[in-house]
Each structure stands twice: as C-alpha cells, then as structure tokens.
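Have a look at the structure below before the remarks.
The values are calculated or read from the model by the stated rules, or taken from the named source; none is laboratory data. These numbers were taken from a predicted model, which means no experiment stands behind them. Reconstructed Cβ throughout: ideal geometry from the backbone, glycine too, with neighbour counts over all protein chains shown. Protein only, heavy atoms only, side chains kept; ligands, DNA and RNA dropped before computing areas. Shrake-Rupley method; radii C 1.70, N 1.55, O 1.52, S 1.80 Å.
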Amino acid sequence: MGNKFTIRLITEADAVEVLEIYKPFVLDTIISFEYEVPAVDEFLRRIKSVSSEFPWLLCLLGDKIVGYAYASKHRDRMAYQWSVDSAVYLSPAFQGKGIARILYESLFSILRMQGYYNVYAGISLPNERSVGFHKAMGFEEIGIYKKTGYKLGNWHNTAWFQLHLTDHRDNPSIPGKISELTGTSSFEIIIKTANERAGMIT
C-alpha cells in the first residue's frame, strides 16, 4: 500500500496535511488570491462547511495526502443552487500523472448524483497549465474579469470556465447533500472506480 495511490473523502483529521499542500499556493503563486496561509482552525472550519454539503476528495500515496479536489457553493441566491464552483490542488511532484483528472471526474460524478447541473472554475492568469487542463476536462471559457486581484506585484485577470454536468431540465429537484449519498451503492461504485484508476498510476 505504501506506493499505491488511493482516493477517498476528506475527514476533519486531514486538515493539517491538506493545509500543507495549499500553503505554497498562497505564499508563492497567484493561483490563490489569499495573501496569508489560513490558521489550522480556520482551514478546519472551511473543511467542515464545504464537506457538510459537497464532495471534497483526497488522493493519497500510501497514507500521505498528495492532492485534493472539492466543490463549493457558487452563489448564495436560491436560483444558483444547482451550480457549484470547483478547485483542484496537487503537490508539485505529483502533477502530470493524471491524478487531477481522476479527482475531477469522480467529483463530477458525485455532483451529478447530488443533482447539480453546472460547475464553474475561476483561474487567475497567467496559468497555462490550469487553463489547458480545464479545457481538456470539457470546460468552456465564458469570460474574463480584468485586473481582478493584485498579488506578487501585479494586477491579474481571472478567467471563468463553465462545465454543464447534464442536460438542463425544467423544475429541477433540490440538490442533495453529500451525506445523503455516502454509503449508497452508487457512491461506492464511483469511489471504487476512482481507486481502480488511481491504483494504475505509477
């Protein structure tokens, strides 16, 4: 198991290790528009808030967390409730192996089960790797917020991408919470498939 990749849902006990993955994106890049690394308590609060409703998936190599992907609320108004934002972060040494694709595809399968229709991703520019990845995942660029954020000595644009998870229907059902799916056979199939794919990564 020490050299095998696996996929699972996040737990509160993962907060410190996941924060360590996020930390360099805050300190050294424009990928995150945060200036300061969140305190562990604050990051744990975020995990609890997100994972109470949405999937937050981890990829591990043995028992070490090497990446994660999650969905979160897109906007507060009721009419937005069928839409989510998505994000994926990997430790640099594990980029380019196909892990992000497995995490995203598994995340989107769960979101479809929950009843979501749209996924949005905001990418601070320049970031050719992320733009290319999201396009390869089927996202369509829908607009650019110009000079949205100032970080590391420059103003940066944010490109927004959209993915339709399924055909849009009238009178859609209210999306379910992730807790309503965990333990179901359909959910377990998604995780099992993700782990089979992850287990083939070398």
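Could you tell me what percent of the accessible area of the range 8-52 is made up of carbon and sulfur, with a 1.4 Å probe and every protein chain present?
On the way: 1410 of 2520 Å².
Carbon and sulfur atoms account for 56 percent of the accessible area of the range 8-52.
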Worksheet item: For a label point 7 angstrom out from the Cα of THR166 toward its Cβ, which stretches of the range 35-58 have the backbone nitrogen within less than 16 Å?
Response: 55
Item to complete: Would you pull out the residues with amide H under 5 Å of LYS151's amide H, same chain only if 5 or more places away, H placed 1.01 Å from N?
Response: HIS156
Discussion item. From zero outward in steps of 10 Å, how is the percent of C-alpha pairs of the range 46-202 spread across the bins?
Written reply: 10, 37, 37, 14, 2
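Classify the range 1-137 as rounded, prolate or oblate, taking a ≥ b ≥ c as the square roots of the eigenvalues of its Cα gyration tensor: rounded when a/c is under 1.5, otherwise prolate if a/b is larger than b/c and oblate if not. Write down the numbers at each step before the final one.
Numbers: a/c = 1.22, a/b = 1.21, b/c = 1.01.
Rounded.
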Discussion item. Run the paramagnetic zone check for ASN3: 7 angstrom along Cα to Cβ, then residues of the range 171-202 with backbone nitrogen under 16 Å.
Written reply: 199-202
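Report the equivalent ellipsoid semi-axes for the range 5-47 in whole Å, largest first, defined as the square roots of five times the eigenvalues of the gyration tensor built from alpha carbon atoms. All intermediate terms of the calculation are to be shown ahead of the outcome.
Working: eigenvalues 77, 36, 12 Å².
Over the Cα atoms of the range 5-47, the ellipsoid semi-axes are 20, 13, 8 Å.
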Fill in: Förster-model FRET efficiency, 22 Å R0, ALA13 and GLU34, C-beta, rounded to 0.05
0.45
Worksheet entry | In order through the range 18-34: 3J(HN,Hα) via Karplus (6.51 cos²θ - 1.76 cosθ + 1.60), integer Hz, x for Gly, Pro | 5, 4, 5, 5, 6, 3, x, 5, 6, 6, 10, 9, 9, 4, 9, 8, 6
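For the range 129-202, take the convex hull of the Cα atoms, compute a quarter of its surface area, and give me that in nm², please. Let's see the in-between values first.
Values: hull surface 35.9 nm².
In nm², the orientation-averaged hull projection of the range 129-202 is 9.0.
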Worksheet entry | lysines whose Cα lies under 20 Å from that of LYS73, excluding same-chain neighbours fewer than 8 positions away | LYS48, LYS177
Item to complete: Can you tell me how much longer the chain between LYS64 and TYR80 gets when fully stretched, taken as 0.36 nm per residue apart minus their C-alpha distance, in nm with one decimal?
Response: 2.2 nm
Worksheet item: What is the distance in Å between the Cα centres of the range 111-173 and the range 22-59?
Response: 18
Fill in: Surface per residue (accessible, 1.4 Å probe) for the range 1-151, Å²
50
Item to complete: Take the Cα gyration tensor of the range 16-89, multiply each eigenvalue by 5, square-root it, and list the three semi-axes largest first, rounded to whole angstrom.
Response: 22, 16, 12
Practice prompt. Determine the calculated [θ] at 222 nm for the chain from helices alone, applying -39500 (n - 2.57) to every DSSP H run no shorter than 4 residues and normalising by the residue count; nearest 500 deg cm²/dmol.
Written response: -10000 deg cm²/dmol
